[in-house]
Amino acid sequence: MPSIIEISGLSKTYEGGFAALKSIDLQIEKGEIFALLGPNGAGKTTLISIICGLVNPTAGTVTAGGHDVIRDYRAARSIIGLVPQELTTDSFETVWATVSYSRGLFGKPKDPAHIEKVLRALSLYDKRDSKLLTLSGGMKRRVLIAKALSHEPDILFLDEPTAGVDVELRRDMWNVVRDLADQGVTIILTTHYIEEAEEMADRVGIINKGELVLVERKAELMRKLGRKELRLSLTEPLTALPDGLTNEGLALSEDGLELIYTYDTQAERTGITRLLSQLSDNGVRFRDLATSQSSLEDIFVNLVRNQQ
């Protein structure tokens, strides 16, 4: 797929010497859902703000749809929709008026049919005549998404879009994001809810201390860095591992009722056959077993911890 966003050597240093971004190189493909993960202060919002033309970089270049975000700001910004973290809305405006006004800001002609389509997709049409101050926090966040979609952008940035939103509403919004991606809109998502990235993203980028630590397709990331765990439920508790159980990665649960074996999914040999043979030789019997794969959250935490 062709790249719709190209970032090369991007750095941002603020007055006082704080380096928010350090030589970022990144290409984002047209039509993909890209999840940008990182702890607080990692540089996620600074990166988004530069691409959207809200912050000037110290060095490097960014193009959106082939338009340089500094030299050709208007053309670049016209294809970008941004949903910020903060719930900044004009409280006394109606939903319809504020979304329509956002479309006009980009020089787009009035299109009531498009505004209606956006509001219906976000379950806001019934609230179209309601003033924003009467809406719940979750509904206000939906209004922010509607405003960002009002001018029919090719690229949509969602900066913590479901913060403070209940689980049911969050899943509804995930469905909206998937539908947009199916229509060819490129989605860049930052989130603290890693299950959002695990649920929706095609690719994942992890940023920490201003550096892009890793960019990988989600499935490949899980395959390469995910650990698998085999848990054996014992028929009799153990007080300690028998001397004959020498497998690296083997541990005994605190209650002595489970053996937990962690292994590398990419290794030529997992060691499970050897482990089961050793269990038999040592008279250790189990009544059940189960395997589990490490989650994207486990991978993220381990990568960030290793950078400390």
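Each reported figure results from applying straightforward, stated rules to the coordinates on display, with no laboratory input. Just so you know, these numbers come straight off a predicted model, no measurement behind them. Note: ideal-geometry Cβ built from the backbone for every residue, glycine included; neighbour counts use all protein chains shown.
Rank-order 11-21, 191-201 by packing density, defined as the average count of other C-beta atoms within 10 Å over each peptide's residues, highest first. Please list the in-between numbers first.
Details: 11-21: 13.9, 191-201: 19.0.
Ranked by mean Cβ neighbours within 10 Å, highest first: 191-201, 11-21.
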Dipole of the chain, positive end: most advanced residue of Ala181, Gly104, His192 [Cβ charges, Cα centre]: Gly104
Protection proxy ranking, peptides 149-160, 23-34, average beta carbon neighbours within 10 Å, highest first: 149-160, 23-34
Rg/Rg_globular for the range 22-167, with Rg_globular taken as 2.2 N^0.38 Å and Rg from C-alpha atoms: 1.09
Taking the C-alpha atoms of the range 83-203, convex hull volume expressed per residue in Å³: 98
Difference of contour (0.36 nm per residue) and Cα-Cα distance, Asp264 to Tyr14: 85.8 nm
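Once the piece of chain linking Ser130 and Asn282 is laid out straight, how much longer is it, given 0.36 nm per residue of separation minus the C-alpha distance between them?
Numbers: separation 152, 0.36 × 152 = 54.72 nm, distance 7.14 nm.
Taking Ser130 through Asn282 to full extension adds about 47.6 nm, to one decimal.
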Selected from Ser277, Ser136, Ser100 as most flexible by GNM, with the chain as the system and alpha-carbon contacts under 10 Å: Ser277
Straight-distance crosslink candidates among lysines, where the alpha carbon sits under 22 Å from Lys228 and sequence neighbours closer than 8 are dropped: Lys218
Flagged links, alpha-carbon separation over 20 Å, of Lys110/Lys147; Lys30/Lys140; Lys12/Lys44; Lys108/Lys147; Lys127/Lys147; Lys30/Lys108: Lys30/Lys140; Lys30/Lys108
Anisotropy class of the range 23-62 from Cα gyration tensor, a/c 1.5 cut: oblate
Largest to smallest principal axis extent of the C-alpha atoms in the chain, angstrom: 78, 46, 38
Asn302 paired with Asn175, simple spin-label distance in nm, labels 7 Å along Cα-to-beta-carbon: 3.5
Size of the range 61-101 as Cα extents on the principal axes (Å, biggest first): 39, 20, 13
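Set the Förster radius R0 to 30 Å, insert the Cβ-Cβ distance between Ile70 and His192 as r into 1/(1 + (r/R0)^6), and round the FRET efficiency to 0.05.
Details: r = 30 Å, r/R0 = 0.99.
E between Ile70 and His192, to the nearest 0.05, is 0.50.
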Spin-label pair Ser233/Asn56, simplified geometry with 7 Å Cα→Cβ offset, distance in nm: 6.5
Within the range 109-268, percent of DSSP bridges classed antiparallel, to nearest 5: 75
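So between Asn40 and Arg120, what do we pick up on full extension, going 0.36 nm a residue minus the alpha carbon distance? It would help to have the intermediate numbers written out before the result.
Working: separation 80, 0.36 × 80 = 28.80 nm, distance 3.36 nm.
The span from Asn40 to Arg120 would gain 25.4 nm if fully extended.
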